[in-house]
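Laboratory data are not the source of any read-out in this text; all were calculated from the coordinates shown. As the structure is a prediction and not an experimental result, all values here were calculated from the model. In this analysis, Cβ positions are derived from the backbone assuming ideal geometry, glycine residues included, and neighbour counts consider all displayed protein chains.
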Amino acid sequence: MNHPLANKVPNLALAAIALFLVVGMPALNAAGSIEDFTLNTWGKYLCYAILAISVDLLWGYTGLLCLGQCLFFALGGYMMGMHLMLMIGKLGAYKSDLPDFMVFLGRKELPGFWEPFHSFPFAALMVFLLPGVIGGIFGYLAFRSRIKGVYFSILTQALTYGAALMFFRNELYMGGNNGFTDFRSILGADIRSPETRRMLYLASAITLVLVFMFCKWLTTSRYGLIQRAIRDSENRVLFSGYSAANFKLFVFVICAMIAGVGGALYVPQVGIINPSEMMTEKSLEAVVWVAVGGRGTLIGPIIGAVLVNYLKSWATTKYPDFWLIIMGASFVLVVLFLPKGIVGIPAQIREWLARREGRRAAAAEEELLTSAAKTK
């Protein structure tokens with residue numbers, strides 16, 4: 001659903017926010033006004049915002065509640081992580097050209113499917129390609145079978161859970177339970193240096209702006225109209241002669257690739273990727289971000305992702321045992337009292353004021369009629 005506020009937010013204000021994220025924060029960090037840790041944390045928030053936009057494009061604009069979007073986020077992270085692991089070289093604990101976990105498992109040579117990941121361009125291509133292919137195969141089978149609603153949500157949750165179980169296995173040679181960590185360099189630069197972290201943050205901010213602009217263009221195009229029509233009444237779209245399955249497959253693949261890009265930027269900044277990042281509870285958290293911010297708005301998921309994760313950083317430090325309760329309570333409160341999310345609060349206030357004025361006008365009119373009747 002499109003909120004009036006989201007449509008009326010001046011482009012100048014959005015441009016100012018984008019400029020601050022892309023230019024202001026890195027400049028303040030370089031000047032010493034923002035700590036490296038803070039900038040790195042915000043880089044993580046922006047990666048989550050990219051993931052949230054992909055969830056919103058599916059759920060808010062197409063009506064597809066995907067509970068497995070973090071699978072694609074993690075797959076993008078794993079593709080970048082494979083390249084970063086190979087760049088460690090002999091700097092690992094075992095002083096071997098093989099990643100440490102392979103040496104620990106007794107592997108003597110690099111598996112064939114790892115070899116191309118010595119190339120950064122190949123790894124970057126796979127960040128898009130693997131999530132897109134997996135999303136395409138799954139989406140084709142699901143949408144051609146006309147699976148939708150709660151059944152689609154359950155199926156995506158099962159897909160994510162099955163993939164996580166597979167990645168936990170050491171036989172896959174993807175790091176098993178521990179995943180990938182201890183990265184040293186990216187494109188020849190020390191990944192732990194302030195300058196590199198600043199560039200990684202900058203890449204995340206620019207990517208978020210580009211993803212937002214692309215999704216804004218997509219949702220306001222003719223395709224976006226059909227997309228929202230599918231959300232509101234898929235049968236009407238089918239009766240109009242459009243193939244709803246093809247439209248849903250297209251947006252599902254696009255959202256899978258967007259999530260993969262977010263995961264690829266997330267991994268070098270956080271320094272680790274393991275199967276826990278693709279577990280179903282992670283995808284449920286992403287749904288909460290979108291609901292809190294306001295689904296169907298694009299800007300709402302960004303606000304929700306940043307706000308909820310900022311709250312999580314604070315709550316897990318101050319009240320670690322109550323974070324899940326806090327998140328669950330916030331989701332319930334939003335569903336009950338803020339169905340349009342944070343972005344929709346001004347519209348809800350205007351609606352409440354309009355109803356209040358309407359009741360006052362009705363009461364005044366009734367009182368006037370009563371007085372007129374008494375006079376007669």
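Computed quantities for the displayed model
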quantity	calculated
Pairs from LYS216/LYS282; LYS282/LYS340; LYS44/LYS248; LYS318/LYS340 whose Cα-Cα separation, in the structure shown, is over 32 Å	none
Segment LYS90-ALA329, extension gain: residue separation times 0.36 nm, minus the distance between their alpha carbons	81.2 nm
Over the chain, relative contact order from alpha-carbon pairs under 8 Å, at least 6 apart, %	32
Chain lengthening between ALA27 and TRP352 when straightened (0.36 nm per residue, less Cα-Cα)	112.8 nm
Exposure proxy ranking, count of Cβ atoms within 10 Å, fewest first, for VAL287, VAL335	VAL335, VAL287
Residue order, fewest to most beta carbons within 10 Å, for TRP59, TRP42	TRP42, TRP59
Distance from the range 89-121 to the range 326-373 (C-alpha centre basis), Å	62
Fewest-first sequence of ARG360, ARG184 by Cβ atoms within 10 Å of each Cβ	ARG360, ARG184
Cβ-Cβ FRET estimate between ALA361 and ASN11, R0 fixed at 30 Å, reported to 0.05	0.25
Cross-link partners of LYS148 among aspartates and glutamates (Cα-Cα below 19 Å; sequence separation of 8 or more within a chain)	ASP56, ASP232, GLU234
Spacing of the two label points (7 Å from each Cα toward its C-beta) at VAL103 and LEU19, in nm	5.1
Relative packing of 44-51, 259-266, 345-352, which averages over residues the other C-beta atoms within 10 Å, highest first	259-266, 44-51, 345-352
Sparse-neighbourhood loop sites, trypsin sites (Lys or Arg not before Pro) in the range 47-132 - DSSP loop, at most 10 other Cβ within 10 angstrom	LYS95, LYS108
Added length on full extension, which subtracts the Cα-Cα distance from 0.36 nm per residue, SER221 to SER119	33.1 nm
Cross-link partners of LYS108 among aspartates and glutamates (Cα-Cα below 13 Å; sequence separation of 8 or more within a chain)	ASP97, ASP100
Euclidean distance of C-alpha centroids, the range 174-228 and the range 255-318, integer Å	12
DSSP H segments from the chain that extend 24 Å or more along their own axis, Cα-based, with Kyte-Doolittle mean of 0.5 or above	36-62, 69-86, 120-144, 150-167, 194-220, 244-270, 299-318
